[in-house]
1. List D13, D92 from most exposed to least, where exposure is judged by having the fewest other Cβ atoms within 10 Å.
2. Can you give me the C-alpha center-to-center distance between the stretch 46-99 and the stretch 228-270, rounded to a whole angstrom?
3. For the stretch 23-143, what's the relative contact order in percent, using C-alpha pairs closer than 8 Å and at least 6 residues apart?
4. For a quick check, take a GNM of the chain with Cα springs below 10 Å and name the residue from Q49, Q323, Q21 with the largest mean-square fluctuation.
5. With the cut-off at 1.5 for a/c, could you classify the stretch 85-152 from its C-alpha gyration tensor as rounded, prolate or oblate?
6. Answer rounded, prolate or oblate for the stretch 85-216, using the Cα gyration tensor with square roots of eigenvalues a ≥ b ≥ c: rounded when a/c is under 1.5, else prolate when a/b is larger than b/c, else oblate.
7. What's the exposure ranking of C62, C135, going from fewest to most Cβ atoms within 10 Å?
8. In what order do D256, D171 fall by count of nearby beta-carbon atoms within 10 Å, going from fewest to most?
Amino acid sequence: MYTGPLVFTQVMDFMPLKTFQRYVDKYQGNFSVKNFTCLDQFRIMAFAQLTYRESLRDIEACLRAQSNKLYHMGIRSKVSRSTLAEANEMRDWRIYADFAHHLIGIARKLYQKEPLAVELQNTVYALDATTIDLCLSIFPWARFRTAKGAVRLHTLLDLRGNIPSFIHISDGKLHEVNVLDIIPLEAGAFYIMDRGYTDFSRLYAVTQASAFFVIRAKSNLKSRRLYSHPVEKATGVVCDQSILLTVLKSAGDYPDKLRRVRYYDAETNKTLVFLTNNFLLPAITIAQLYKQRWQVELFFKWIKQHLRIKSFFGTSENAVKTQIWIAVSVYLIVAIIKKRLNLQESLYTILQVLSISLFERASMFQLLTFYDYTSNMGKNSNQLNLFTDYSGQ
C-alpha cells in the first residue's frame, strides 16, 4: 500500500519554493499577514485550476470536505471564500507574474531540444494576442468597446515545445502592434507575425536587433521590385523578390530592402504574400515558417478550454491578473512535470488524470504512466498464511 504524499503535494513539489518566497518578499506579499500566506493562496488557486473549480464557493466546499488532508497538501490556513477573495484583491499580482516568468525559464531549458516542423537551428517565436471577453458593468476597468469589456493576452510562443517565452496582459484597448515595443528581441531568432503587426518602424527595430521576422503583407502594400529570384513553382512559390517600399512614410520607417514571397496554398486555395528581412532561407521555408504561426492559435484555444481564465473569482484588475498568472504557472508546472518524468502522455491527458486524483495517496508517476503496481513480495515469504492449518492433521 502506498503511504507517501498526496498527488497534489507531489505536483507542488515541482514548484521552486525559494524563488517563490523571494518574489513574495520583493513585493511584500505577506506584510501584516498572520495566517493566509501567499503560498496558501497560490496552492488553493492552483487546486482550483487543476480540478476545474468554477467559483469561490465551489473551492471552499471542496476543500472543507477534505479538511483532514489540507495540512498534507501544504495548506496551513483555514479555507474561506472571503479570505481567498480578499487575497486575490489585495496581494500584488506581480508576485505571480514574476514567478511565472521564472517557470518559463525552467520550461524553455527543458524543451530547447524539441524538434521544429521546419529544419532550422534558429529559435522561432510566434507572436499573437487573444481577447478574453468580460462584462463591462462588472469589470469597468477593462474597457474594450463602448458596451463591452475585455482583457488581452499577448503571447510570444517558443515553437520548440510550445512554451510561452513572454506574456503581457493588458486591457482590450491596447493594440497588438504596441507589444512589439516591449517584447525581448533575440539576435538570430525568427518572429512570426500576422499582418496586424505591420508597423515598419517597429519591424525595422527587429532588423536592427539582428533578428528576423516573417509577416503576412497587407493587400495595399506599395513597393518597387529590385530583383526577382529564381523559384521552384512546384513547391507552391509563385515569386521571390527583393523590394523597396515606395510610400514616403513607410520608406522612411523602413529604409532598407525587404524580401517579398508570394505563395499559393493548395490546401486552402489561397495566395499569400509574406514579407521578411531574411534573404538566405529558401522561399518555401519562409512559407512553411509562417504556417507554424498557427501553433500560437492552438495554444490560446488549449488554455481557454483547459484552464480557468474565462470566468473569474474576483472583479478587480488585480484579481483577474492574479488568476491568469497562476493559471499560466500551473500550465508551466505541468509542462515541467511532463518533461522531467519523461511522460509520453499529452498535457491534456495529464491534467485530466490529475483532476480526479489530487487527494489520493498514490505515486503520481504510476498514475500518469498507467502503470499497475504489483507487490514485489514473492511466494516464498516467511509470513505465515492465516488460513493454513499447521496442526499436522
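1. The order, fewest Cβ neighbours first, is D13, D92.
2. Going from one Cα centre to the other spans 52 Å.
3. Here the relative contact order equals 28 percent.
4. Its mean-square fluctuation being the largest, the pick is Q21.
5. Judged from the Cα gyration tensor, the stretch 85-152 comes out oblate (a/c at least 1.5, b/c at or above a/b).
6. Oblate is the answer for the stretch 85-216, as a/c is 1.5 or above yet b/c matches or exceeds a/b.
7. Starting with the residue having the fewest Cβ neighbours, the order is C135, C62.
8. Final ranking by Cβ density, sparse to dense: D256, D171.
Bear in mind these aren't lab numbers, they're just calculated from the coordinates by the rules spelled out. Model, not experiment: these values are computed from the prediction. Using ideal geometry, Cβ is built from the backbone for each residue, glycine included, and neighbour counts are taken over all protein chains shown.
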